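Trainee: Would you mind keeping the following structure in view while I ask a few things?
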Number of protein chains: 4
Amino acid sequence: MIGIGVLGYGYWGPNLARCFGECEQTRVVAIADFDQAARDRAARRHPGVTAVATMAELLDDPRVDAVAIATPVHAHFEPALAALRAGRHVLVEKPITTSSGEASRLVDEAARRGLTLMVDHTFAFTPAVQKIAELVGGGEIGALHYYDSTRVNLGIVQSDVSVVWDLAVHDLAILEAITPERPVAIAAQAASHLAQRPETMAFVTLHFASGMVAHINVNWLAPVKVRRTLIGGSKRMIVWDDLEPSEKIKVYDKGVTLTGDRDAAHRLRVGYRSGDMWAPRLATTEALATEIDHFAACIASGRTPLTDGLAGLRVVELLESAHWSMRQGGRPIDLSLERKAS
Amino acid sequence: MIGIGVLGYGYWGPNLARCFGECEQTRVVAIADFDQAARDRAARRHPGVTAVATMAELLDDPRVDAVAIATPVHAHFEPALAALRAGRHVLVEKPITTSSGEASRLVDEAARRGLTLMVDHTFAFTPAVQKIAELVGGGEIGALHYYDSTRVNLGIVQSDVSVVWDLAVHDLAILEAITPERPVAIAAQAASHLAQRPETMAFVTLHFASGMVAHINVNWLAPVKVRRTLIGGSKRMIVWDDLEPSEKIKVYDKGVTLTGDRDAAHRLRVGYRSGDMWAPRLATTEALATEIDHFAACIASGRTPLTDGLAGLRVVELLESAHWSMRQGGRPIDLSLERKAS
Amino acid sequence: MIGIGVLGYGYWGPNLARCFGECEQTRVVAIADFDQAARDRAARRHPGVTAVATMAELLDDPRVDAVAIATPVHAHFEPALAALRAGRHVLVEKPITTSSGEASRLVDEAARRGLTLMVDHTFAFTPAVQKIAELVGGGEIGALHYYDSTRVNLGIVQSDVSVVWDLAVHDLAILEAITPERPVAIAAQAASHLAQRPETMAFVTLHFASGMVAHINVNWLAPVKVRRTLIGGSKRMIVWDDLEPSEKIKVYDKGVTLTGDRDAAHRLRVGYRSGDMWAPRLATTEALATEIDHFAACIASGRTPLTDGLAGLRVVELLESAHWSMRQGGRPIDLSLERKAS
Amino acid sequence: MIGIGVLGYGYWGPNLARCFGECEQTRVVAIADFDQAARDRAARRHPGVTAVATMAELLDDPRVDAVAIATPVHAHFEPALAALRAGRHVLVEKPITTSSGEASRLVDEAARRGLTLMVDHTFAFTPAVQKIAELVGGGEIGALHYYDSTRVNLGIVQSDVSVVWDLAVHDLAILEAITPERPVAIAAQAASHLAQRPETMAFVTLHFASGMVAHINVNWLAPVKVRRTLIGGSKRMIVWDDLEPSEKIKVYDKGVTLTGDRDAAHRLRVGYRSGDMWAPRLATTEALATEIDHFAACIASGRTPLTDGLAGLRVVELLESAHWSMRQGGRPIDLSLERKAS
């Protein structure tokens, strides 16, 4: 039984506490939050769990084997580092840190100490993303041509981070989960439609060496909620609508076939193919429960988590590059040069 | 009664011929097409109309007061110029020409001779776009924040022009129709997912001095047809779904209100407003019929058409800039500099 | 080449004339309509076709081998009978006649003379209904449990026939096409919401000996157009939404499995099964063209049409029984007794 | 502060306990369930609340001023009667009892003792139904023409009550809430598609003296979940889709206008009107919380609840009549005669 300490009992912390409580390999022993009202809520809902104020207090508790950090992003790095230094396994909310430098230090610390460091890219554990990854990995889709996501709604306009750090981060984490390929260039156009606030809408485009393109449209000031991703492949195409209650994923046997023309090699015939559509049944398991089981299993076995610190680091690197592009009006950033330089 | 000659009887020409035939101010006197089979079809459907092969023959016919040109885009400029030189009014398919240089020459020629030159930006005459223009112009939406359009489907992959010239041109023409503001920068990311073909998907972003952003997502290789535009304003927001049979336009009384905080001027309070939705009834008139009535009225009165040659020129300039950006991997193009330079 | 005479050139007649004109086995030789304006339209669109006023004139024309009747329903019987007596094959709009007595006389007359008598149940020839019939016939759905159709919109309120004769007739014809089973009871509830008009909404329920139930909800005064049918079977279920542009038919691998419980035979375990959904590709052929090819092939070969006079008769019998039930406030009519009596 | 005892802690009981706990006028003092596991769950979630096994124990507790009964329907009557006899106010799950005789006895008992008896017709307290009631009551819709509801899904097939008692009961309760008019006739067609189980699908039709018709289509074995009601009126029409996340209610300014024709009084002109659509903003309050506030307010003030025992009785009478009709193959039942007889 892995003893868990949860830091942060605001919006997401209660979900973590509930799921850690339901997992058979873990039990919540302590919950920390600076806010007295949050501690009171935690105590009411989790009788028998110690409610404290700080990570330091969690780390003083010898029953705490691992910590889950659900504080605002600027308050991820220090408690995570402290926990690793105190020999605890760590699960951190996404994005893992506010900078790639910080993320690297966490990755190094965890590696040096042989501890499990995992980032809470929850979408990677949804039945929908796992099905997409399975279809892509199994070759059903063919070569990936594009990933085109729209993630907009009338959302909470944050005062410290842009819509890219709040919403586009999901798509960057999903891309991590469905393809091993890394982007070679990124560009981001953005605008703020509220005075003195970070960007409220953004369009992020990623290019991959294979020719694949990813496009992410995020907006906090949209009249309707849209969570729709089109995924194009050389063999089939996917429409993923995460708001659909039952058929979130539709696989279309549609596409184009190029036929070489013997007499005129320079002219290719384009044939259109429009076949059946198929909506695979998805499991109804809760993503966070799957993720927490995985965290527990990685701690027990020493295996590398699907969404390890490096995945968190790569996502933060892309967020940084996206912001660098945004600051220059959308100039594309060559990521291959960046990597060589580093 | 204005005598009309139609050049090109392929995909769009028959629609022009039909609508000019039904308009009370015009009559079709001759139809020209290089292809004998097309001429035969024209003759069968329009008994009494002369079927010829070339623009030259149309211009030899003294009954022809105006010509409508529905040939492929590379075959717009020469016949249009010939017609203007022969003193005929001209309606040209969109985009007006393949280059801004050609478009300028047509605009100059028409102006010098006092002839009506109009580009067939059909969407500008749809009840939906006219309603949007009315709402925006009447102040119902407030300051425009964004225009975000998705225009994708499994479409005919063309061999000579990219998806930007084929699909994004619609959105550029619609922007012309709903706001007088001109963009100051443009960037376009694109990719081709078919060997030896022009770009099959593209993302075009336009920035305006007011802070408004337009984003256009076009794709010939999408599994589903989407024609959806979100329009955000400081007062209200619009969702325009052109595939909806009856409620194409929905106006949302939703948004965000900033409230100045007396004691802390640097901190603004964000208030969320979520009110009623309203779908105005749209006229059921055919856009092309409205457009042709307008063309006839402009010829008769000497008024400048809503979609005059200059509108056509501006759209072609943006298409050129978009391609210039695409060729440089999406580098933003400063349009204000361009204009100063010219 | 079968020479065709078309009677009635109002709403549907032009479609018949066009499709007979495009069919390779038939040609339209004459069109009849009482109305001079209709004859003028016919002459303009079909140069070379004789335009006359009456069925008698069509029958005087020796080139006419078969007639298609597209007059209002009260004007079906007499011209159809005259045509059969004159040795012509007959295609009649649905419903075939205003009474089963008339329908029987047409069936007898055609049988006696060895002529083809077909009713224009167009839906039976749509790719959607043909796919459903194929799935049902091939056992994919298992035993049919129900057919539940909603067919409502703001439609033309007719002054002589009720919504049952106008809309429910489609579902009765579709049932004819997808199952050979005949109903044993029918009930219909109806109401008129317009003074001095026939019923504007109705609910028709049919019971079959196998336990299958069909339910038909029709309404001329609905705010939205709905054309949706749920079909339940012991193995799979179908949702047919005829307004969907591309995925009209969805097959759900969903249902309930009864498991006998050894120790308590009177208690059955209900197991719920929720599997994949599948939308088969449908042909894009026009139903009326398929139907007219079939009519021509039946004339040529002497085969019995899929929608022969007997199918038309059975549908009219059900319409009569539905009205009989409506007149008695919805009292169920035992159709097995009716049949025995006759 | 009204002390509440909750009987039954299975599916719905926990919701009642939670909402009574959150209401400022009530507090939960005891929860009763025969099942030890249910009592354990209740004790865990509601520390400080007494967990007992029976209604008798609840009634022995002097802190219990009112009871909420969330047992299966066959176990409503006896505990409700006992509670009233013990001088407690009562809230009962829908349907109130299994027979109108039982419901009458509860109504009488509560009246005699001056106690509040309320039935938990939750839908009557949803923002959607309250908005519909407001629109109908305010004359916005005009005379009600029809209420046409589809309430189907792959639902739990119950072993003791039919789909009419499980699902159609909602629509009968909603009708209670939106119109004071009482039906004069009812008919119900039904079928069971599972051996040895109650009816799994049913069509219930109600006629009202004004000409209004209500139609209720319920089915436990449908492949998709539908919760859609069309409401037609002489002035406007409503589409209520309860599965829509944000625009559950749409009001259509559509309809038909009859124009008297002076010269031919027997011929009325039908004019079609198709205007705007409007989706009013709905409150986001939870129906059950609204209902419980109402229950508490009625206890405090002695006012008659919106969904009092008589409303519960009327709904049960209709359920009984529907079943009587079902047993006779759908024969319409004249409710006006029934009432006179009683």
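Where a number appears in this text, it was derived from the coordinates with a stated rule and is not lab data. This is a predicted model, so every value here is computed, not measured. Note that each Cβ is placed from the backbone with ideal geometry, even for glycine, and that neighbours are counted across all protein chains shown.
Trainee: Give me the inter-chain shielding for D:217-228: mean count of other chain Cβ atoms within 10 Å, whole number please.
Mentor: 6
Trainee: Need one number: % antiparallel among DSSP beta bridges in chain C, to the nearest 5.
Mentor: Here the share of antiparallel DSSP bridges comes out near 60 percent.
Trainee: Computed over the Cα atoms, what is the radius of gyration of segment B:11-51 divided by 2.2 N^0.38 Å, N being its residue count?
Mentor: That ratio works out to 1.08.
Trainee: Taking the Cα atoms of segment B:60-161, what is the range of coordinates along each of the three principal axes, in descending order and whole Å?
Mentor: Sorted from largest, the Cα extents of segment B:60-161 read 49, 36, 27 Å.
Trainee: Only four residue types carry charge here, +1 at the Cβ of Lys and Arg and -1 at the Cβ of Asp and Glu. Report the dipole size of the protein assembly as shown about the Cα centre in Debye, rounded to the nearest 20.
Mentor: 0 debye
Trainee: Exceeding 30 Å between C-alpha atoms, which entries from my cross-link table qualify? They are A:K248/C:K225; A:K250/B:K248; B:K94/B:K131; A:K235/C:K248; A:K250/D:K225; A:K235/B:K254.
Mentor: Among A:K248/C:K225; A:K250/B:K248; B:K94/B:K131; A:K235/C:K248; A:K250/D:K225; A:K235/B:K254, the Cα-Cα distance tops 30 Å for A:K235/B:K254.
Trainee: Sorted by average packing, counted as other Cβ atoms within 10 angstrom per residue and highest first, what order do B:273-283, C:208-218 take?
Mentor: Answer by packing, highest mean first, reads C:208-218, B:273-283.
Trainee: With no solvent and one equal point scatterer placed on each C-alpha of the protein assembly as shown, evaluate the Debye formula and give log10 I(q)/I(0) for q = 0.05, 0.06, 0.07 Å⁻¹, two decimals.
Mentor: -0.47, -0.68, -0.94
Trainee: Please list, by residue number, every one of the trypsin sites (Lys or Arg not before Pro) in segment D:291-342 that is coil in DSSP and has at most 12 other beta-carbon atoms within 10 Å.
Mentor: D:R303
Trainee: Ok, one more. With a/c under 1.5 counting as rounded, go ahead and sort segment B:34-76 into rounded, prolate or oblate using the C-alpha gyration tensor (a ≥ b ≥ c being the square roots of the eigenvalues; past the cut-off, prolate if a/b is larger than b/c, else oblate).
Mentor: Here segment B:34-76 falls in the oblate category.
Trainee: For the protein assembly as shown, what is the percent of antiparallel DSSP beta bridges, rounded to the nearest 5?
Mentor: Of all bridge pairs located within the protein assembly as shown, approximately 60 percent are antiparallel.
Trainee: Going by how many other Cβ atoms sit within 10 Å of their own, how do D:V73, A:V90 line up, fewest first?
Mentor: D:V73, A:V90
Trainee: Compute the acute angle (0 to 90°) between the alpha-carbon long axis of helix D:287-301 and the principal axis of greatest extent of the alpha-carbon atoms of chain D; round to the nearest 10°.
Mentor: Around 70 degrees separate the two axes.
Trainee: Just want the ordering: D:R63, B:R44, from fewest to most Cβ atoms lying within 10 Å of their own Cβ.
Mentor: B:R44, D:R63
Trainee: Still on this structure: Evaluate peptide D:323-332: per residue, the Cβ atoms of other protein chains within 10 Å of its Cβ; return the mean as an integer.
Mentor: Per residue, the average neighbour count from other chains is 4.
Trainee: Let me ask you something else. Estimate the FRET efficiency between C:T304 and C:L243 by the formula 1/(1 + (r/R0)^6), using the beta-carbon distance for r and 35 Å for R0, to the nearest 0.05.
Mentor: Step by step, r from the Cβ atoms, then E = 0.60.
Trainee: Could you tell me what a quarter of the Cα convex hull surface of segment B:88-219 works out to, in nm² with one decimal place?
Mentor: For segment B:88-219, the mean projected area of the Cα convex hull comes to 9.6 nm².
Trainee: Ranked from highest to lowest mean number of other Cβ atoms within 10 Å per residue, what is the order of the peptides C:183-191, C:132-140?
Mentor: Highest mean packing first, the order is C:183-191, C:132-140.
Trainee: Same structure again: So what are the radius of gyration and Dmax for the Cα set of segment A:198-256, in Å?
Mentor: Computed over the Cα atoms of segment A:198-256, radius of gyration and Dmax are 14.0, 41 Å.
Trainee: Starting from the Kirkwood Rh over alpha-carbon pairs, what translational D in µm² s⁻¹ does segment D:282-342 have by Stokes-Einstein at 20 °C and 1.002 mPa s?
Mentor: Estimated diffusion coefficient is 149 µm²/s.
Trainee: Where along chain A is the Cβ that lies nearest the axis linking it to chain C, and how many Å separate them?
Mentor: Of all Cβ atoms in A, the one closest to the rotation axis yields A:W278, 3.
Trainee: Taking only Cα atoms, what is the 0 to 90° angle, nearest 10, from helix B:13-22's long axis to the longest principal axis of chain B?
Mentor: Its long axis makes an angle of about 80 degrees.
Trainee: Let me ask another. Looking at segment B:86-221 only, what percent of DSSP beta bridges run antiparallel? Nearest 5 please.
Mentor: 60 percent
Trainee: Next question. What number results when the radius of gyration of segment D:42-119, computed over Cα atoms, is divided by 2.2 N^0.38 Å?
Mentor: Against the compact-globule rule of thumb, the ratio is 1.10.
Trainee: Give me the Å³ per residue figure for the convex hull around the C-alpha atoms of segment D:157-239.
Mentor: With only Cα atoms used, segment D:157-239 gives 100 Å³ per residue.
Trainee: On to the next question. Give me D:W165, A:W220 sorted ascending by neighbouring Cβ count inside 10 Å, so fewest comes first.
Mentor: Sorted ascending by nearby Cβ count, the order is D:W165, A:W220.
Trainee: Amide H of C:T26: which non-local residues (sequence gap of 5 or more, or other chain) have their own amide H closer than 5 Å, using H built in the peptide plane?
Mentor: Those lying under 5 Å, H to H, from C:T26 are C:I2.
Trainee: Also: Three principal axis extents, largest first, for the C-alpha atoms of segment A:199-315, in Å?
Mentor: Largest first, segment A:199-315 extends 63, 42, 34 Å along its Cα principal axes.
Trainee: Using only the alpha-carbon atoms, what does chain D span along each of its principal axes? Please give whole angstrom values in decreasing order.
Mentor: For chain D, the Cα extents along the three principal axes come out at 78, 43, 43 Å.
Trainee: Give me the net charge of B:H89's neighbourhood, meaning all other residues with Cβ under 11 Å from the Cβ of B:H89; Lys, Arg count +1, Asp, Glu -1.
Mentor: Every neighbour counted, the sum reads +1.
Trainee: Along Cα→Cβ at 7 Å, what distances in nm separate the B:A283 label point from those on the other copies, shortest first?
Mentor: Shortest to longest, the spacings are 4.2, 4.3, 5.7 nm.
Trainee: Shifting gears a bit: Partner chain Cβ atoms within 10 Å, averaged over the residues of B:275-284 - can you pull that number for me?
Mentor: 5
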